Each structure stands twice: as structure tokens, then as C-alpha cells.
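As C-alpha cells, the structure follows; a few thoughts come after it.
FYI, it's all coordinate maths here, none of it is from the lab. Everything numeric here is computed off the predicted structure, so don't read it as measured data. Please note: Cβ atoms are built from the backbone with ideal geometry, for glycine as well, and neighbour counts cover all protein chains shown.
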Ligand code: ADP
Ligand code: GLC
């Protein structure tokens with residue numbers, strides 16, 4: 001068998017920006033495939049045909065019709081929506097009864113998970129595996145299947161138990177979501193009973209999509225080298241650390257990149273005034289515009305920016321706990337995000353106590369996210385765990401030094417400013433270790449002290465702006481990984 005010059009990679013994902021995005025997975029699914037294509041791969045991105053995608057691609061044509069594959073997996077179609085970037089074609093899984101739903105792809109408007117998610121993402125996984133094994137029907141044989149998070153993590157199990165031969169890679173973006181369902185679902189998903197065992201799809205008496213994928217895929221990746229280490233520890237492993245240690249020879253951490261066109265202060269159409277490393281003085285206009293937009297007082301103290309899901313993972317509770325103290329220290333806060341209702345309420349109450357000093361926008365707004373990256377003086381990301389994190393890289397690019405907890409990808413991208421790193425020229429932000437309010441406050445205090453030293457601050461900003469965060473490096477790494485799984489030229 002001769003090996004194809006451009007490996008055929010089927011990239012299966014439950015979200016893709018800008019059409020359907022709840023977080024970083026959507027960004028990665030939009031930016032990594034084009035980078036892989038530039039690295040010489042040929043890509044098909046498989047994503048459910050949610051209404052936003054049906055509207056965006058009304059011309060999408062049927063590529064293949066797939067018969068019902070199990071009791072709860074009805075007949076469906078894969079539509080070809082055409083090339084969305086050079087070398088990247090979008091395939092939409094069309095099954096209206098499962099995916100024709102507006103809003104968040106995982107939850108109802110109330111925030112409750114859809115009660116048929118097991119069939120919805122079982123179907124996405126099953127179809128991904130089916131496409132691998134039916135290259136004849138699609139006219140596009142698959143060399144490697146690349147799955148992402150629990151929503152597509154059952155695909156390696158289908159390949160394994162239904163005698164599929166395509167190698168698979170599973171990337172973990174978030175280990176906290178497992179996709180766990182009752183054992184009784186197995187038959188209706190079209191999996192054999194014998195799959196329900198500790199070295200199969202079983203996890204503490206339940207069927208777990210993520211566990212299945214981690215156990216049965218050929219290679220596991222996650223989105224930073226540091227998180228690849230952390231996830232093997234009890235503290236970060238979400239119960240899966242034992243399995244991850246067992247499979248550590250198959251586990252690699254590959255740092256995400258960022259979309260350097262979308263997140264570029266020199267060309268960003270969403271910000272007030274564009275700037276570069278050589279015109280950094282212009283950044284102040286964005287700070288003025290941000291204050292005006294959010295009703296923050298005119299002042300010379302720093303604006304601390306936050307763009308984040310409001311959840312325990314992101315340390316939102318620490319911001320609520322220390323918000324009053326941050327204001328007493330003289331900081332202003334510009335926050336946007338959404339998530340758990342009690343955390344949203346806690347931040348709203350903080351803003352209500354400090355008019356003109358704290359602004360909290362509950363919701364999702366790309367424009368404001370860009371304006372905060374450009375207009376804030378300092379970016380805050382006190383995450384409890386963070387597989388990679390994209391916002392700290394955006395903020396580095398915008399000359400907005402980040403304050404982060406030293407974990408996951410944050411530890412891989414942010415170099416704490418101290419005498420040594422400042423002298424060396426590597427410092428680009430601030431990092432603290434303990435997920436506590438005191439540690440956060442102490443770190444902000446350090447940052448605010450340096451902020452009052454304009455020469456050194458400018459240096460810190462420039463160090464961050466010089467950072468290399470393109471997808472090129474990651475894409476080359478993934479390509480090597482794919483090739484290691486493909487049969488060599490015979
Ligand atoms: P995660 O995927 O864990 O939420 P990341 O830092 O990897 O964290 O990615 C989050 C992405 O979602 C970034 O592109 C960020 O700008 C965006 N984002 C998060 N919350 C909001 C919001 N409320 N409005 C606009 N963009 C947001
Ligand atoms: C997840 C992680 C985040 C990562 C993103 C993209 O949502 O929480 O750290 O950057 O996926 O890989």
C-alpha cells in the first residue's frame with residue numbers, strides 16, 4: 001500500500017467558531033485544521049448540523065446517506081458544506097431530530113443538559129467511526145481520525161469493537177466533562193455488551209465516553225505539555241489519572257496556538273484604536289474607550305480585565321471573594337463572562353457595590369472580549385486548572401500582561417516577573433501558586449507595584465508581544481503524530 005502524500009485527517013468536533021462556540025474547543029476547531037492543511041494534511045471537519053451551521057451553509061450538498069446504525073441512531077446524512085479554508089472541507093452531520101436546536105449545543109435554555117445527549121453525541125461518535133470505515137461510500141478514505149473531548153470520544157470504542165482499522169487520536173481539552181450515562185444505553189448505541197468492562201467503556205459502573213476514548217484510542221494528546229503531566233496526578237486527573245498514567249507512553253502535550261489574524265492589535269476591527277509593539281502608546285486610547293463604554297471612572301490606576309466562563313475551574317469565586325479588596329487596592333475591574341448562576345450573581349453584586357470601579361457584563365460578546373484584551377492594563381486568569389487557556393495568549397499579544405495561577409498551559413506560557421526574569425528579558429506577566437484569595441491578592445499587589453514603574457512595565461508588555469503563539473509549531477507536531485500511526489510505505 002502506498003502512503004498518501006497528504007494524510008487524510010477526519011477531525012471530529014462538537015463545536016467550531018464562529019458558528020457554534022462555547023469555549024476554546026470552538027476556537028481550536030476553527031484554527032487548527034487550516035494550520036494542519038498548511039502543514040500538508042488534507043482535512044474534513046465533521047460537526048453536527050446545528051441551526052447556525054444550516055443557516056451559514058444553505059448550499060451544503062448530501063455527500064453520503066448513512067442508514068440507521070442502532071436503535072437510537074436513526075438514519076442521517078453527511079452534507080458537504082465546501083471548503084472553509086484551503087485544504088479544509090466542512091462536513092455537517094445532518095440529523096434534525098438530534099441537532100436542530102438553537103443555542104448552546106449541550107444544554108437547554110435553562111442550563112440543563114439535553115436529556116438525549118447520550119444519543120446525540122453517541123451519534124456524532126458513531127458517524128465519525130462509520131466515515132472512517134466507509135471511505136468507498138464517501139470517496140475520501142480516512143487515514144487518521146482526530147477526536148476532541150467526550151462528545152466524540154466514543155468513536156475509538158466503535159472502531160475497536162466493530163473491527164475498525166483506522167487509527168485514532170483523542171485530544172483532551174477538558175478532563176472535567178466525561179459524558180457519563182447509564183449502562184443500559186450500550187445496546188441502543190450499537191455497542192456490544194462485552195465493551196462494558198474496566199478496560200473498555202466502563203467507569204465506576206457507568207458508561208463513560210471520555211474514559212472509553214482514553215482507553216481505546218491510539219494516541220492521547222492534551223493542549224499543553226504541563227497539563228499532560230498534571231492530568232496524571234490525583235489532584236488534576238478527575239478520577240482518570242490512573243488510566244492516564246497507565247497510558248502515559250501514548251500521551252503527549254501539544255501547546256495550542258492562537259489565531260494570529262483574529263487576535264492582532266495591529267488590524268483588529270473590533271477595537272477603538274489599533275497599535276503595534278512600536279506604537280504601544282496608542283493602547284491608552286483603548287483603555288479610555290473601555291472605561292467610557294463600561295462606565296468606569298477616569299483614573300490612572302490599572303484596569304484589570306477578565307474574559308471567562310464563570311465557573312469553579314476559572315477561579316471566579318476567588319474574584320468574588322477578593323473583589324472588594326482589589327477595589328480597595330485601587331484597581332478597577334472590567335469583567336465579561338457567563339456560567340454558573342450563583343457566580344454570575346456574586347459578580348453582579350460586586351459591581352453593584354462599586355459603581356464606577358467594577359463593571360460586570362453577564363453574557364457572551366466577542367466585541368467586548370476584544371476591547372477588554374486591548375483596553376485592560378492587566379489580564380486576570382486565576383484558574384484552578386487550565387489545560388491550555390487561550391485568553392492569556394491573546395492578552396500577551398495585546399500588550400496586556402496576564403496574572404495567572406501557575407497551572408496547565410498558563411504555566412507553559414506565562415513567565416513570572418521577578419528581578420531575574422526582568423533582567424533576562426523573559427518576564428511577560430505574573431504567576432502565583434495557591435488557588436487562594438490571599439495568593440491572588442499578593443500577586444495583584446506585585447503587578448500593581450511594577451505598573452507604577454513605566455519603563456519596566458513597557459518592557460514587560462513588549463516581552464509578551466514578542467511571544468510566538470502561531471499554530472505552526474503545533475500543526476507540525478500533530479502531523480508527525482499522525483504519520484507515526486499510519487502504515488509506512490511498502
Ligand atoms: P475555555 O475553553 O476553558 O473556556 P479558553 O481560554 O481556552 O477557555 O477559551 C475561551 C474562549 O472563549 C476564548 O476565545 C475567549 O475569548 C472566549 N470567551 C469566553 N467567554 C466569553 C464571553 N463571555 N464573551 C466572549 N468571548 C468569550
Ligand atoms: C478547554 C480548556 C482550555 C483550552 C481549550 C482549548 O476548554 O478549558 O484551557 O484552552 O479547551 O483547547
Shape call for region 361-481, from the Cα gyration tensor axes a ≥ b ≥ c (a/c under 1.5 means rounded, otherwise prolate when a/b beats b/c, else oblate), comes out rounded
Here the averaged projected area of region 277-465, based on the convex hull of its alpha-carbon atoms and given in nm², is 9.3 nm²
Would you list 258, 201 from fewest to most Cβ contacts within 10 Å?
258, 201
Let me have the 222 nm mean residue ellipticity of the chain computed from DSSP H runs of 4+ only, each contributing -39500 (n - 2.57), with the sum over all residues rounded to the nearest 500.
-10500 deg cm²/dmol
Label-point separation (nm) for residue 134 and residue 267, each offset 7 Å from Cα along Cα-to-Cβ?
4.0 nm
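What percent does the relative contact order of region 328-410 come to when contacts are Cα pairs within less than 8 Å and at least six residues apart?
It comes to 26 percent, rounded to a whole number.
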Treating the angle as unsigned and between 0 and 90°, give the value, to the nearest 10°, between the Cα long axis of helix 437-451 and the longest Cα principal axis of the chain.
60 degrees
If each residue of separation counts as 0.36 nm, what is the full-extension length gain between residue 423 and residue 61 once their alpha-carbon separation is subtracted?
124.5 nm
What FRET efficiency would be calculated for the residue pair residue 183, residue 110, taking the C-beta separation as r and a Förster radius of 25 Å, to the nearest 0.05?
0.40
Estimated FRET transfer efficiency (residue 325, residue 345; beta-carbon r; R0 25 Å; 0.05)
0.80
Pair residue 277, residue 83: separation of 7 Å Cα→Cβ label points (nm)
3.3 nm
Using alpha carbons only, how many degrees (0 to 90, rounded to 10) separate the axis of helix 341-353 from the longest principal axis of the chain?
10 degrees
When the Cα centres of region 289-337 and region 418-481 are compared, how far apart do they sit, in Å?
19 Å
Could you tell me how far the Cα centroid of region 60-114 sits from the Cα centroid of region 191-269, in Å?
24 Å
Using only the alpha-carbon atoms, how far is helix 366-375 inclined from the longest principal axis of the chain? Give it as 0 to 90 degrees, nearest 10.
40 degrees
For the chain, averaging the sequence separation of alpha carbon pairs under 8 Å that lie six or more residues apart and dividing by its residue count, the contact order in percent is 13 percent
Quick note, the chain: a/c under 1.5 would make it rounded; otherwise a/b > b/c is prolate and the rest oblate (a ≥ b ≥ c, C-alpha gyration tensor); here it is prolate
Please state the relative contact order of region 277-465 as a whole percent: Cα pairs under 8 Å, 6+ residues apart?
21 percent
How do 171, 480 rank when sorted from fewest to most other Cβ atoms within 10 Å of their own Cβ?
480, 171
Which of 246, 275 comes first, and how do the rest follow, when ranked by fewest Cβ neighbours within 10 Å?
246, 275
Nitroxide proxy distance, nm - points 7 Å out along Cα→Cβ at residue 449 and residue 193:
6.8 nm
